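Here the structure is laid out as structure tokens; the discussion comes afterwards.
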């Protein structure tokens with residue numbers, strides 16, 4: 001079968017899985033529903049592998065195929081097809097998405113076992129995977145927008161999965177609104193593309209763009225900036241990032257799938273896919289790179305002071321995506337995509353481990369109260385350590401090779417881009433510190449009461465479920481694990497998933513060792529061959545130099561974290577005392593939420609109030625009720641004629657007749 | 001007398017009948033005035049029939065008479081019914097059909 | 001001679017009409033109308049419409065007016081009150097009547113229909129005979145003839161239903177002719193129905 005046929009199957013299985021589980025939500029037993037969900041994505045992964053094999057069987061230049069099922073709209077110059085585009089980039093994304101999704105489904109199979117909304121969860125999760133695959137496989141901008149919007153919806157549905165929880169629904173709405181802002185950018189970009197180039201199909205757009213646009217012409221820059229709005233909103237970059245930490249209200253598998261591995265990487269994919277346009281608008285590309293850099297640093301600093309375990313990991317995600325955006329914007333396309341892949345592995349793993357620990361804490365996510373889980377939960381600790389090492393770019397791990405490849409490219413490009421290298425390394429230092437801050441606070445040390453309970457009786461701690469943010473009691477009818485929590489040690493699906501990811505997090509980097517084998521770069525080269533930026537290739541020596549610097553920084557960072565949290569545990573408190581204003585600033589997340597509230601939310605509410613009070617009540621209501629009054633009034637006036645007197649009716653008859661006769665007499669004379 | 005005289009007389013009678021309907025309040029008298037108007041029409045019909053020279057106008061006049069008879073029957077039936085229900089026989093008093 | 005007859009009959013018709021309108025007592029109004037009808041019959045005779053004149057006397061003055069007389073007797077001839085609840089009616093009515101007459105006269109007198117000023121063509125002796133009228137009714141205007149019969153039937157049924165006693169609709173066995181007789185019998189149900197009186201003229 002051809003690659004496109006496999007690609008269509010890739011799309012089909014998750015959609016079928018979602019529908020089947022949704023239709024059978026009352027009849028299917030939970031285990032069956034979970035199995036169907038996992039199997040669906042597993043099948044999609046297999047089809048993705050088959051598509052890969054099929055692609056590899058062709059020569060590198062011929063590895064791009066478009067295939068469409070039918071025409072959506074063929075009218076007035078518009079020609080929109082339900083079409084996919086299969087090339088190395090989309091197959092790469094398909095494999096990453098389906099691979100990590102299968103493992104996360106497997107994890108959820110165990111983790112969400114006691115949740116009332118089990119079926120709903122798997123149906124939504126399958127639908128999400130379908131939407132993400134649609135996004136990456138789309139062959140034209142219209143279908144891309146469709147996938148983009150579906151992904152936004154799936155994210156909303158999954159964030160507010162426990163919908164009786166006030167904080168969850170608010171977070172879902174926040175995520176959705178910010179996503180919609182991004183959607184607007186994307187749609188406007190699509191409009192502009194159509195206006196300038198006359199088509200939506202990828203192959204035609206990217207072929208015509210260099211002929212139609214001059215470099216840095218305002219149209220192509222506008223298109224790229226609008227695309228960036230979409231990318232930043234979806235990937236939680238400044239200033240559209242405020243939704244991601246709140247999105248941690250969703251269940252942990254959701255956080256690991258959507259907000260670590262797949263959805264938030266959609267922005268990176270978008271920039272990589274439309275690199276032809278960004279090459280023509282270097283200003284926009286530079287802006288994107290700087291935004292990525294800024295996000296990287298801001299998120300890194302905030303992660304240093306976060307006390308909520310999942311939120312800390314969320315800021316870490318934001319920071320790493322900053323790396324990816326930076327990478328694909330400055331031209332390190334394969335490096336950026338490679339980092340996307342390794343990040344998916346180790347971030348998903350970190351979230352899974354965090355989920356296990358939070359379950360042991362009876363859904364308490366505050367790291368101030370966690371200690372000593374290293375003894376209580378061996379498997380989880382080892383998994384967390386693997387993920388942490390990869391995140392901190394410890395030498396030899398996957399994160400090591402991927403992150404430093406981006407920074408090596410930045411050095412090779414030279415000039416202004418050296419800033420990225422320097423600050424990128426500083427960000428790597430921050431990454432190592434905050435990662436191991438988490439690990440050193442949670443794992444070693446004297447076990448906290450929950451951990452102690454695990455060590456002593458092997459029971460997971462039970463607590464009355466209540467929302468720590470608002471203090472209100474949780475509603476376990478629709479979900480929210482009630483009395484039962486599942487930790488990895490007691491659930492084989494969770495262990496299986498985490499095991500595979502730990503292996504990948506540690507060793508997946510070996511496929512892209514500079515100078516030795518560069519599987520990813522070679523595979524993705526044909527896609528990016530049309531960009532002049534791929535001519536800049538760091539020499540092997542420079543790459544290894546960069547790797548050495550990265551290794552040093554990583555180890556230094558881990559050392560600093562060790563010193564702060566294990567060797568001299570009183571130091572952090574003292575630091576906070578000394579730098580209180582800075583600490584407050586960071587804890588309040590650089591006041592972004594407050595700024596957005598002030599600049600956007602309040603004016604919008606004021607406009608709404610004005611519209612209601614003045615426009616609606618006075619103008620619209622006034623118009624409507626005055627029309628009503630006029631009609632009623634004229635009715636009252638006319639009603640006088642209907643007096644009930646037969647003789648006056650007769651009079652009117654005669655008057656009418658006389659008038660008519662007069663008219664005819666006059667007109668005929 | 002030429003036809004004009006008859007037709008003018010017919011229109012005069014018609015006008016008198018119309019005025020009578022407008023002025024009188026007793027339903028019986030109103031029906032009588034209606035008869036006057038119908039007869040005026042008949043007169044015009046017969047006059048024109050004589051003017052044209054065939055008898056179709058006369059046939060029409062006979063049909064008009066039939067119609068007038070029917071209408072009188074129903075109208076008087078109404079009046080009797082009203083009288084039976086002890087309602088005042090005055091068209092100005094009977095005015096519930098109004099807006 | 002014809003002119004004298006014409007003016008006399010015209011005066012009678014006009015007088016009768018004005019009498020109906022002006023006389024307070026409905027009884028007198030009915031009698032005035034009878035005078036009016038007879039005058040009209042004379043006018044019909046002057047227009048060589050013999051059958052129509054006969055029908056006018058027999059049907060109209062004979063049957064319809066008798067009906068009126070009976071009903072007026074039953075209902076009572078109360079004179080009307082003087083005041084008028086509708087403002088302006090008593091003032092506008094004569095005005096409109098006059099306007100109507102003037103307009104119609106102008107229409108007739110100013111008409112370009114030249115035949116109006118003639119006496120009409122010479123007609124043979126059978127003009128206006130029952131034979132001639134009957135021929136027309138049964139040959140050319142058969143549909144109209146039959147339709148008017150049905151109309152009479154409907155009117156009879158309607159009158160019976162309207163004026164019947166509460167509870168007893170008063171419909172006896174159906175007969176084709178003499179429907180006015182039936183209505184007349186139902187109306188005056190206190191009085192025993194008389195033998196078939198000369199009221200069968202309606203079934204022409």
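Which pairs turn up if I take residues in the range C:62-73 that are within 14 Å of residue C:38 (Cβ to Cβ) and more than 7 Å from chain B (Cβ to nearest Cβ) and look for partners that are assigned to a helix (DSSP H, G or I) and modelled with pLDDT of 90 or more with beta carbon separation below 6 Å, at least 6 apart in sequence or on another chain?
Partner pairs satisfying both residue conditions: C:65/C:34.
State all residues of the range B:38-48 that are within 18 Å of residue C:137 (Cβ to Cβ) and facing another protein chain (nearest Cβ under 7 Å); if no residue qualifies, say none.
Answer for the range B:38-48, where residues must be within 18 Å of residue C:137 (Cβ to Cβ) and facing another protein chain (nearest Cβ under 7 Å): just B:46.
Between C:121, C:130, C:81, which is surrounded by fewer than 17 Cβ atoms within 10 Å (Cβ to Cβ) and within 7 Å of another protein chain (Cβ to nearest Cβ)?
Only one candidate qualifies: C:121.
Using the structure shown, decide if residue B:25 is out of contact with any strand residue (DSSP E or B) (no Cβ under 6 Å at 6 or more places or on another chain), facing chain C (nearest Cβ under 7 Å) and in contact (Cβ under 8 Å) with a residue 60 or more places away in the chain.
Taking the combined requirement at face value, the residue satisfies it.
Does the range A:263-290 hold any residues that are assigned to a helix (DSSP H, G or I) and closer than 30 Å to residue A:104 by Cα, and which are they?
The answer is A:263, A:264, A:265, A:266, A:267, A:268, A:269, A:270, A:271, A:272, A:273.
Condition first: within 30 Å of residue C:3 (Cα to Cα), at the interface with another protein chain (Cβ under 7 Å from one of its Cβ atoms), assigned to a helix (DSSP H, G or I) and touching a residue at least 24 places away in the same chain (Cβ under 8 Å). Can you find one or more residues in the range C:138-156 that meet it?
no
Go over the candidates A:488, A:542 one by one and state the one that is in contact with a helix residue (DSSP H, G or I) (Cβ under 7 Å, 6 or more places away or on another chain), surrounded by fewer than 20 Cβ atoms within 10 Å (Cβ to Cβ) and at pLDDT below 85.
A:542
Looking only at residues that are within 8 Å of chain B (Cβ to nearest Cβ) and within 17 Å of residue B:91 (Cβ to Cβ) in the range C:85-116, which one is surrounded by the fewest Cβ atoms within 10 Å (Cβ to Cβ)?
Ranking the candidates gives C:90 first.
List the number of the failed condition for residue A:531; all other conditions in (1) under 28 Å from residue A:343 (Cα atoms); (2) surrounded by fewer than 18 Cβ atoms within 10 Å (Cβ to Cβ); (3) at pLDDT below 75 hold.
Only one criterion is unmet by residue A:531, namely (3).
In the range A:131-149, what residues are surrounded by 24 or more Cβ atoms within 10 Å (Cβ to Cβ) and under 14 Å from the mean Cα position of the chain (by Cα)?
A:131, A:132, A:133, A:135, A:136, A:148
Looking at A:230, A:185, A:198, A:152, which one is within 28 Å of residue A:284 (Cα to Cα) and surrounded by fewer than 19 Cβ atoms within 10 Å (Cβ to Cβ)?
Criteria check complete, one pass: A:198.
Answer with yes or no whether residue C:41 is in contact with a helix residue (DSSP H, G or I) (Cβ under 7 Å, 6 or more places away or on another chain), part of a helix (DSSP H, G or I), farther than 25 Å from residue B:23 by Cβ and modelled with pLDDT of 95 or more.
Considered against the rule, which asks whether it is in contact with a helix residue (DSSP H, G or I) (Cβ under 7 Å, 6 or more places away or on another chain), part of a helix (DSSP H, G or I), farther than 25 Å from residue B:23 by Cβ and modelled with pLDDT of 95 or more, residue C:41 comes out as yes.
Just one of the numbered conditions (1) surrounded by fewer than 21 Cβ atoms within 10 Å (Cβ to Cβ); (2) within 14 Å of chain A (Cβ to nearest Cβ); (3) at pLDDT 90 or above; (4) over 11 Å from the mean Cα position of the chain (by Cα) is not true of residue B:11; which one?
Tallying (1) surrounded by fewer than 21 Cβ atoms within 10 Å (Cβ to Cβ); (2) within 14 Å of chain A (Cβ to nearest Cβ); (3) at pLDDT 90 or above; (4) over 11 Å from the mean Cα position of the chain (by Cα), residue B:11 fails exactly one: (1).
Among the residues in the range A:640-655, are any away from chain B (no Cβ under 14 Å) and more than 30 Å from residue A:300 (Cβ to Cβ)?
The answer is no; no qualifying residue exists.
If residue A:305 meets every condition in (1) within 28 Å of residue A:494 (Cβ to Cβ); (2) in contact with a helix residue (DSSP H, G or I) (Cβ under 8 Å, 6 or more places away or on another chain); (3) outside any helix (DSSP H, G or I) apart from one, which number is that one?
Failed condition: (1).
Within the range C:16-36, can you find the residues that are part of a helix (DSSP H, G or I) and more than 7 Å from chain B (Cβ to nearest Cβ)?
C:16, C:19, C:22, C:27, C:28, C:31, C:32, C:34, C:35
Each row is one residue, and each column tells you yes or no for (1) without any contact (Cβ under 8 Å) to a residue 60 or more places away in the chain; (2) surrounded by fewer than 21 Cβ atoms within 10 Å (Cβ to Cβ).
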| position | (1), (2) |
| --- | --- |
| A:41 | no, no |
| A:48 | yes, no |
| A:58 | yes, yes |
| A:61 | no, yes |
| A:72 | no, yes |
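Looking only at the range A:17-29, filter to residues that are in a helix (DSSP H, G or I) and surrounded by fewer than 16 Cβ atoms within 10 Å (Cβ to Cβ); which one of those is nearest to the chain's Cα centre (by Cα)?
Among them, the one singled out is A:19.
Every residue, every condition in (1) under 18 Å from residue C:66 (Cβ atoms); (2) in a helix (DSSP H, G or I), yes or no:
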residue	(1), (2)
B:19	no, yes
B:33	no, yes
B:44	no, yes
B:77	yes, yes
B:82	no, yes
B:86	no, no
B:90	no, no
B:94	no, no
B:98	no, no
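The values are calculated or read from the model by the stated rules, or taken from the named source; none is laboratory data. This structure is a prediction, so every number in the text was calculated from the model and none was measured. Reconstructed Cβ throughout: ideal geometry from the backbone, glycine too, with neighbour counts over all protein chains shown.
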